[in-house]
1. Could you sort 123-133, 166-176, 72-82 so that the peptide with the highest average Cβ count within 10 Å comes first and the rest follow in order?
2. How many nm is it between the label spots at residue 90 and residue 162, if each spot is 7 Å from the Cα in line with the beta carbon?
3. Report the calculated FRET efficiency for residue 61 and residue 112 (r = Cβ-Cβ distance, R0 = 30 Å), to the nearest 0.05.
4. In region 174-194, whose amide N lies under 13 Å from the spot 7 Å out along Cα-to-Cβ of residue 83? List them in ranges.
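Read the figures in this text as sums done on the coordinates, not as results from a lab. Keep in mind that what you see is a predicted model, and the values were worked out from it rather than measured. Note that we place each Cβ from the backbone using ideal geometry, even for glycine, and neighbour counts take in every protein chain shown.
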Amino acid sequence: MKKKYLIIPTAIVLMFSLIGCGNKEIKDNGSKSVSSNDNEVITEKQSTDKNTEEVSEELKSIYYDEKRIIDNSGGAYYSEYALNEHNEDTISVKIDGYYGAINYWVLDAKSAGKITLDYNFEFSKEGKYKLLLCTPDKKLVKIFEHTSGEDSIENEITIDIEKGVTRIVAVGNDATAKVDISIKKQGDIEIRNK
């Protein structure tokens, strides 16, 4: 008799611990809501669903919430996400209905150095999108921002990187874009995908 009583509570504890594990949630409508922990870089392909009515106000507000961007506690939602490439030095992705903040790269600089970003963005409707640098001392530096309308932007920029961990963060508010970015490093900088 005593063994039965031990099995049931153990099974319940195991079930709740498994439910709490992981940091990704797939919604029933096929779209994907993603939250990122620590310095994780989101790289998975996500399904298509044009319905953005289910996007929470919390995700919609991240665009203006510097503290959540700095704390890397935002998460992201896409109605469409088509990843062509994401590796150590290149990102090529098409996004639609993008809300939230994700890390494109995490840079671990053993000493001060530089990075060069070569980017090409194609925006096809209203919506906001910005690319930010989150420095080791928890400051946000705007690399690029697009606030509305159809547009194509191409640029190359060199940025000084301090010693420590720096994140390159993409933040959106109903953004639709084709994003192509490459990164080159100068100095003792490790580019991490996680």
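1. Those peptides, ordered most packed to least, come out 166-176, 72-82, 123-133.
2. 3.3
3. 0.30
4. Once the point is set 7 Å along Cα→Cβ of residue 83, 193-194 turn out to lie under 13 Å by backbone N, inside region 174-194.
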